[in-house]
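Novice: This is the structure, below, for whatever I ask next.
The values are calculated or read from the model by the stated rules, or taken from the named source; none is laboratory data. Remember, it's a predicted structure, so these values are computed and weren't measured experimentally. Because the Cβ atoms are built from the backbone with ideal geometry, glycine has one as well, and the counts that use them run over all protein chains shown. To get the accessible areas, we keep the full protein, side chains included, count just its heavy atoms, and leave off ligands, DNA and RNA. Shrake-Rupley method; radii C 1.70, N 1.55, O 1.52, S 1.80 Å.
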Amino acid sequence: MSQAFTGTLALTWVAISRDRIQLPVWILAVAAFMVAVVSIWNGDLSQEELVSVAQFYGVQPAVRMFGLASGATLGAYIMSRGFVVFAVLVAVMSILFVVRHTRQDEDTGRAELIGSASVGRHANLASAFIVVVGANVLLAVLIGLILTFKGLPVASSFAAGAAFAGIGIFFAGLAGLAAQLAGTSRGATGLALAGLGLAFVVAGIGNILGRVDEAGVRVVSAWPAWLSPVGWGQQMRAFEEDHWSLLGLFAFSFLVLAAGAVFLETRRDTGKGLLPERRGPSAASPGLLSPVGLVWRLQRGVFLSWAVGVGLFGIVVGAVSADLEAMLDELEGFDEIFERIGGTDVIVDAAFVTFMGILALVITIYAVQGLLRMRAEESDGPAESVMATAVSRRQWVTSYILNIALGTAALFLIVGLTVGVTAGIVMGDVAAWAADLVVAGLVHIPAAWVVAGAVVLAFGLFPRRTALLAWMVFVIAAVTGPFIGAMLDLPEWIQNISPFIHVPAVPGESVTAAPIVGLLGMAVLLTGAGLLAFRRRDIDVTSV
Amino acid sequence: MPTAISIFGLVKNFGSTRALDAFDMTVWDNEVHGFLGPNGAGKSTTIRVLLGLLRRDAGEIDLLGGDPWRDAVALHRRLAYVPDDVKLWPTLTGGEVIDLMGKLRGGLDPARRAEMLDRFKLDPTKKCGTYSKGNRQKVAIVAAFASDVELFLLDEPTSGLDPLMVMAFRETVTEARREGRTVVLSSHIFADVEALCDRITIIRQGKTVQAGTLDELRHLTRTLIEVETERTVDDLEKLPGVHAVEREGLQTSFQVDSDEIDRVLRHLVQFGVKSLHSAPPSLEELFMRHYGDEVSEQKKPEEA
Ligand SMILES: Nc1ncnc2c1ncn2[C@@H]1O[C@H](COP(=O)(O)OP(=O)(O)OP(=O)(O)O)[C@@H](O)[C@H]1O
Ligand SMILES: [Mg+2]
């Protein structure tokens, strides 16, 4: 057993030195962001103001999606407001790191050492885990120091840092597992990011279904929050109760995930493989025999699992809407706050806008991931063989773009339908709800296409950086977008960067043509530019 | 004679590395053309430029009467490519890939497909993810030769094949030539090139170092001769083109430039030849001369 880990230490140093720029940049950027955020949310808030902002998170069910109210203190306020954003950043950092050092660079990373030293089967994975855990601990300390310097209680500041590190480490473990399950780095990243999205939504649902105390400043989450690592981090309640013991939960789950990854790696290496050897047809069906048919064949499994996933999700969200309605009755004491946002009906609408907005980000992951397949096929796949046939480059790229654009649109339709029909069933009037929510889903399509267009442009211009740029575009679009950007009080011009900010808030608002046409135009422009760039450049096979 | 491919002054840079440096090559119609050179010499790069996958920085290329970059799609209907590292879709079967590639190229002869599958003993029902390197290569070869095209660009197609499959491959190439097709065969395997190629081009560090028929190239090298005579051979060293003479009693061995063999043999018979063994230069020796590192390159002038 221990032999399987031989060389871990040496590979750890290799991993650190190879990542000597990217990882420190991530850590410093997150820390700098924390500095910026705590200096925006100044400590001059009066006790009354603190109560009112805490109530903002405590009373409105839709807002609870993004933060857990834990009392009327400055620290608790920073945690309610910033927690999800930092949790996501730390998790993304950890996921990308682990995938980079297992799937993506696995072979080359090993090759460097295999000549000189013997390297155990799990050494690479173990070294990635060691470095990522170290990075998270470092980040926890930095965040603790930053919050302490802000004048917040020391122990709580470090508890906050630890909560983020716990989440980062959990998702490092998940990414390690995903790297073994998925055959490619693209697949592994997508799988782990989907896990993150799910964790975020599950924690949010737990908070939404929770109960608020009489003062309206503290939410006791419902059980779903405890199913999600993002939820665990919130339940540590830094600056209120500092539940350090929850770190045990993070540590335990990380160990389980890491052990799972090691187990799968063993199976993979002994040649059994994770996919059983199957046979198939000896000749191609006519549907396969075109670029479009080929891409559909390659993508259909991924698409169908996403369709089932978002469909189930839509059903859950639709069903929860009944609880939202019920909650409104309980919350009679808070008329004043409801009035500020415009009446009871709007609360249900606002919740749906929020859900749809989140699902739009999740579905955009599908588009990004699907388009990244182009790069994978090019650098380490048969793309060059295809482009050596009578298939033009334009045809090749367009077949991907069509497939992904339509697939993305279909996912939005599925989400709108499932949420709408279920909400209609629980609240009555299926036709009206379905119609409303289908529109609410479909209005996001142009925004998702803009992100997709940016991915095509990155692919055309910078083939070797496509994946990095694509996920960067996605993270920027998400972070500056309508929920996170507004929550962080980002300046309006920064929020305007995100295509999602321009999506009409349906239901509630009515659909206007201008933003939709604008976004579609942008998407076409980006895609067209990417296509032109791709037609002019070399096909880049990196494994040469 | 009409040319299938003519390349003149081809330059291709990757950043600061110059992969092709004023490279020239001519491939006649209906010949099997060997393309040889050490690792990193630029063979795959040349083939990729010919396929319009890479954009050249300078030089003129005529490929089947067209320009490989501008007329890519039209040209690709008339040629088939086997890449050096065959990568396939893990979830598709070999049979599906063969049909797909054939169709995308513009059509496939079903009878020919069946014949090739049989010849290469390939199971078309297996998923590509489970094929070995050699079997993936066979998929690409079958897909290429089941198409009715004029030109085959093959980049080290036999590097993963077992000896039986190499024979099947040779048979296939010979057949293609008989049918009037043209083949460019990049290879490190001398035996394949010696068995198949009409002409060869040797590339080194992106430049053409030698081109011609195998015989022409052989003339540029030396033949090893071992001879046993009744009397000691005298004055051998004085003859032009004779090198590395070694005597052991009545046994003499030496090397001779191929175009001086006749004169040397006339000289030898004066001493009563009892047995004679001559080894023509193998392609491998030819290679060594042209591939040879800088040291042997510098040795040349002083030998002359
Ligand atoms: N995409 C690329 N980016 C940078 N350099 C490249 C790229 N492709 C090839 N090269 C470089 O160009 C040179 C020629 O490479 P090429 O693959 O054409 O050689 P080759 O003759 O096919 O070698 P081998 O016999 O090993 O297949 C090498 O120095 C290689 O490193
Ligand atoms: Mg090569």
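Novice: Checking A:VAL479 against (1) within 23 Å of the chain's Cα centre (by Cα); (2) at pLDDT 90 or above, which single condition isn't satisfied?
Specialist: (2)
Novice: Here's a follow-up. Just the residues that are away from chain A (no Cβ under 14 Å) and either open to solvent by 20 Å² or more (accessible area, probe 1.4 Å) or near ligand 1 (Cβ under 10 Å from one of its atoms) (or both), please, taken from segment B:12-33.
Specialist: B:SER16, B:ARG18, B:ASP21, B:ALA22, B:ASP24, B:THR26, B:TRP28, B:ASP29, B:ASN30
Novice: Can you give me the number of residues within segment B:109-137 that are touching a residue at least 40 places away in the same chain (Cβ under 8 Å), buried (at least 21 other Cβ atoms within 10 Å of the Cβ) and under 17 Å from B:ALA176 (Cα atoms)?
Specialist: Counting residues in segment B:109-137 that are touching a residue at least 40 places away in the same chain (Cβ under 8 Å), buried (at least 21 other Cβ atoms within 10 Å of the Cβ) and under 17 Å from B:ALA176 (Cα atoms) gives 2.
Novice: A follow-up question, please. List the residue pairs whose Cβ atoms are under 8 Å apart, where the first residue sits in segment A:168-194 and is in a helix (DSSP H, G or I), the second is of a type in the set (D, E, K, R) and open to solvent by 30 Å² or more (accessible area, probe 1.4 Å), and the two are 6 or more positions apart or on different chains.
Specialist: Qualifying pairs under 8 Å: A:ALA179/A:ARG103; A:GLN180/A:ARG268; A:SER185/A:ARG103; A:ARG186/A:ARG373; A:ALA188/A:ARG103.
Novice: Return the total of residues in segment A:215-261 being aliphatic (A, V, I, L, M) and either open to solvent by 30 Å² or more (accessible area, probe 1.4 Å) or farther than 26 Å from A:LEU177 by Cα (or both).
Specialist: So the answer is 13.
Novice: Let me ask something else about it. Name every residue in segment B:75-107 that is away from ligand 1 (no atom under 16 Å from the Cβ), in a loop (DSSP other than H, G, I, E, B) and under 20 Å from A:ARG373 (Cα atoms), in order of residue number.
Specialist: Listed by number, the residues that qualify are B:LEU88, B:TRP89, B:PRO90, B:THR91, B:LEU92.
Novice: Considering each residue of segment B:157-176, count those that are open to solvent by 40 Å² or more (accessible area, probe 1.4 Å) and out of contact with any helix residue (DSSP H, G or I) (no Cβ under 8 Å at 6 or more places or on another chain), and give that number.
Specialist: Going through segment B:157-176, the residues open to solvent by 40 Å² or more (accessible area, probe 1.4 Å) turn out to be B:159, B:162-164, B:167, B:170-171, B:174.
Cutting the leftovers down to out of contact with any helix residue (DSSP H, G or I) (no Cβ under 8 Å at 6 or more places or on another chain) gives us B:163-164, B:167.
Of the residues in that region, 3 qualify.
Novice: Of the residues A:SER185, A:SER245, which single one is within 30 Å of A:GLY71 (Cα to Cα) and polar (S, T, N, Q)?
Specialist: On inspection, the qualifying residue turns out to be A:SER245.
Novice: Tell me, yes or no, whether segment B:187-197 has at least one residue that is away from ligand 2 (no atom under 14 Å from the Cβ), open to solvent by less than 10 Å² (accessible area, probe 1.4 Å) and at pLDDT below 90.
Specialist: Within segment B:187-197, one or more residues are away from ligand 2 (no atom under 14 Å from the Cβ), open to solvent by less than 10 Å² (accessible area, probe 1.4 Å) and at pLDDT below 90.
Novice: If I go through segment B:34-66 residue by residue, how many of them are part of a loop (DSSP other than H, G, I, E, B) and either within 11 Å of chain A (Cβ to nearest Cβ) or open to solvent by 20 Å² or more (accessible area, probe 1.4 Å) (or both)?
Specialist: Within segment B:34-66, the first condition is being part of a loop (DSSP other than H, G, I, E, B), and the residues that meet it are B:37-42, B:51-57, B:64-65.
Then keep just the ones that are either within 11 Å of chain A (Cβ to nearest Cβ) or open to solvent by 20 Å² or more (accessible area, probe 1.4 Å) (or both); that gives B:38-40, B:51-57, B:64-65.
So the answer is 12.
Novice: Ok, one more. Just give me the residues in segment B:115-135 being at the interface with chain A (Cβ under 10 Å from one of its Cβ atoms) and part of a helix (DSSP H, G or I), in sequence order.
Specialist: Hits for segment B:115-135 are B:LEU117, B:CYS128, B:GLY129, B:THR130.
Novice: Moving to a separate point now. For the condition within 14 Å of B:LEU153 (Cα to Cα), β-branched (Val, Ile, Thr) and within 16 Å of ligand 2 (Cβ to nearest atom), what is the one hit in B:VAL49, B:VAL27?
Specialist: Criteria check complete, one pass: B:VAL49.
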